[in-house]
Amino acid sequence: MQDNGKVKNMDLTFCTWNVKGVNEPVKRGKVLSYLKSLNVDIIFLQETHLKNVAHNKLKCRWINQVYYSTLSAKTRGVAILIKKDTPFKHNSTIVDKNGRYVLVTGELHTTPITLLNIYGPNHDDP
């Protein structure tokens with residue numbers, strides 16, 4: 001944003017959270033409600049345990065962009081949620097077929113940005 005020819009700084013807030021599953025509607029609602037209370041702009045969720053079609057359930061009145069990687073089973077899964085008023089313009093998405101990472105490129109205002117959400121196993125698993 002510009003003000004009298006000078007560029008204003010824009011503070012963004014980020015949050016990362018291993019939610020250990022948001023497939024159950026009550027838990028998903030509680031998670032989204034808590035995230036809204038934090039007033040964060042970009043959210044990184046791990047272990048969403050959602051199937052492909054279910055990730056749209058993470059969209060709500062205040063979140064309009066959801067990028068995700070998932071496995072066919074209700075395990076693993078990562079998602080990046082972007083708040084409605086965050087000026088993010090999406091360019092590309094790369095997802096892991098095993099639901100371990102999602103990489104999103106785009107622009108915040110005119111600044112190029114890469115968002116990467118990774119979920120690594122907590123045991124010795126290649």
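The values are calculated or read from the model by the stated rules, or taken from the named source; none is laboratory data. Here the structure is a predicted model, which is why all the values come from computation and not from measurement. Neighbour counts run over all protein chains shown; Cβ positions are idealised from the backbone, glycine included.
Some values worked out for this structure:
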| item | result |
| --- | --- |
| Residue match in the stretch 51-69 (condition: buried (at least 16 other Cβ atoms within 10 Å of the Cβ), of a type in the set (Val, Ile, Thr) and either part of a loop (DSSP other than H, G, I, E, B) or at pLDDT below 95 (or both)) | no |
| Residue under evaluation THR114, criteria (1) surrounded by 14 or more Cβ atoms within 10 Å (Cβ to Cβ); (2) in contact with a Leu (Cβ under 7 Å, 6 or more places away or on another chain), criterion not met | (1) |
| Condition check for LEU35: touching a residue at least 40 places away in the same chain (Cβ under 8 Å), over 16 Å from LEU116 (Cβ atoms) and within 12 Å of the chain's Cα centre (by Cα) | yes |
| Residue, modelled with the highest pLDDT, within the stretch 24-50, restricted to residues that are among the charged types (D, E, K, R) and part of a loop (DSSP other than H, G, I, E, B) | ASP41 |
| The stretch 90-111 - residue that is farther than 20 Å from THR70 by Cβ and surrounded by 13 or more Cβ atoms within 10 Å (Cβ to Cβ) and, of those, modelled with the lowest pLDDT | HIS109 |
| Condition broken by LYS30, with the remaining ones in (1) within 26 Å of PRO121 (Cα to Cα); (2) touching a Ser or Thr at 6+ places or on another chain (Cβ under 9 Å) satisfied | (2) |
| Scan of the stretch 73-126 for residues that are within 21 Å of LYS59 (Cβ to Cβ), outside any strand (DSSP E or B) and small (Gly, Ala, Ser), ordered by number | GLY77, GLY99 |
